[in-house]
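In what follows, a structure is listed as structure tokens, so that the remarks can point back to it.
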Amino acid sequence: MSTTRGARERARIEVTAAIKEEARGQLAAEGAAKLSLRAVARELGMVSSALYRYFPSRDDLLTALIVDAYDAVGAAAETALDRQSDHAPHPARWTAVCRAVRTWALAHPHEYALIYGSPVPGYTAPMATVGPASRVGLALISIARDAHRSNGLAVPPLAEALRAEAGRLTADVAPDLPPPVVVALVAAWSQLFGLISFELFGQFNRIVEDRDAFFDESVENLAHAVGLIGGGGRAGGAVAFAAPGSGDGS
């Protein structure tokens with residue numbers, strides 16, 4: 001790469017970062033629905049036509065911000081999981097990931113609202129957001145997968161009416177896990193963000209005071225609902241599901 005080309009690339013990276021930072025400031029002040037390329041350009045001292053060379057439309061800029069937010073919370077979840085000892089109980093790993101997601105959300109409320117708040121009118125997220133949006137869910141799935149392969153899972157019950165949907169979800173999400181566990185994982189994933197959203201958007205005001213303890217207890221219950229067990233015991237009322245090759249089946 002030539003010196004000139006390298007300098008241009010660095011300049012482009014710096015300008016792109018500045019555009020995103022200003023746009024995040026607008027999100028905090030006005031909300032995603034009012035994000036304006038012209039306003040961003042004006043605040044940065046750029047003409048609109050120059051900014052369009054970086055982001056051709058408002059939706060392109062929104063997509064970049066959304067991908068960044070998903071990647072950031074996903075990285076927080078993955079880092080928390082990586083920091084756990086290989087010998088840590090699976091429920092403890094689960095709680096560590098959930099805590100990391102909540103910590104990120106509380107530190108970045110406007111970015112959280114962008115990806116888990118109200119839809120932006122007129123905006124449809126492209127496929128480019130799917131991979132980043134999956135990172136937290138995949139971190140949680142990896143804990144269940146590791147438990148399944150090593151220490152076993154306590155498979156939760158599954159209603160007869162859900163069996164067809166459970167089969168479809170399992171094929172799409174985690175074919176190597178028992179269908180009842182996949183259903184419970186999807187439910188737990190949605191409840192995790194429900195807990196965080198209630199706290200962040202004020203629904204817990206004057207209701208839940210000790211939110212740290214409440215959150216920890218709630219996500220531990222979600223871990224048990226998924227079938228994660230510690231100490232090799234079985235969850236009450238559940239059916240043990242051993243890893244393949246152990247002689248146990250479902």
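The values are calculated or read from the model by the stated rules, or taken from the named source; none is laboratory data. Fair warning: this is a prediction, and the values are worked out from it, not measured in the lab. For neighbour counting, all protein chains shown are included, and Cβ atoms are generated from backbone atoms with ideal geometry for every residue, glycine included. Keep in mind that these areas ignore ligands, DNA and RNA; they rest on the heavy atoms of the full protein, side chains included. Shrake-Rupley method; radii C 1.70, N 1.55, O 1.52, S 1.80 Å.
Taking all protein chains into account, the per residue accessible area for the chain stands at 53 Å² (1.4 Å probe).
R0 = 22 Å: FRET efficiency of R149 with T79, Cβ-based, nearest 0.05?
Working: r = 22 Å, r/R0 = 1.01.
It comes to 0.50.
Using 0.36 nm times the number of residues separating A39 and D86, minus their current alpha carbon distance, what extension gain do you get?
Values: separation 47, 0.36 × 47 = 16.92 nm, distance 4.91 nm.
Here the segment from A39 to D86 would lengthen by 12.0 nm.
The computed semi-axes √(5λ) of the Cα gyration tensor in Å for the structure shown corresponds, within (1) 45, 22, 15; (2) 27, 24, 16; (3) 40, 20, 17, to (3). Would you mind classifying the stretch 124-177 by shape? Square roots of the alpha carbon gyration tensor eigenvalues, ordered a ≥ b ≥ c; an a/c under 1.5 is rounded, otherwise it is prolate if a/b is larger than b/c and oblate if not. Judged from the Cα gyration tensor, the stretch 124-177 comes out oblate (a/c at least 1.5, b/c at or above a/b).
Taking a ≥ b ≥ c as the square roots of the eigenvalues of the Cα gyration tensor, the stretch 85-139 is oblate, since a/c reaches 1.5 or more and a/b is not larger than b/c.
With R₀ set to 25 Å, the beta-carbon distance separating E209 from S118 gives a calculated FRET efficiency near 0.40. Nonpolar atom fraction for the stretch 42-91, defined as the carbon and sulfur part of the 1.4 Å probe accessible area, stands at 49 percent. Suppose R0 equals 22 Å. What FRET efficiency, 1/(1 + (r/R0)^6) with r the Cβ-Cβ distance, do E220 and S142 give to the nearest 0.05? That pair, E220 with S142, gives E of 0.75. Measuring nothing but protein heavy atoms, the accessible surface of the stretch 184-229 at 1.4 Å probe radius is 54 percent carbon and sulfur. For the chain, modelled as a GNM whose springs connect Cα atoms under 10 angstrom apart, the maximal fluctuation among D212, D60, D71 occurs at D212.
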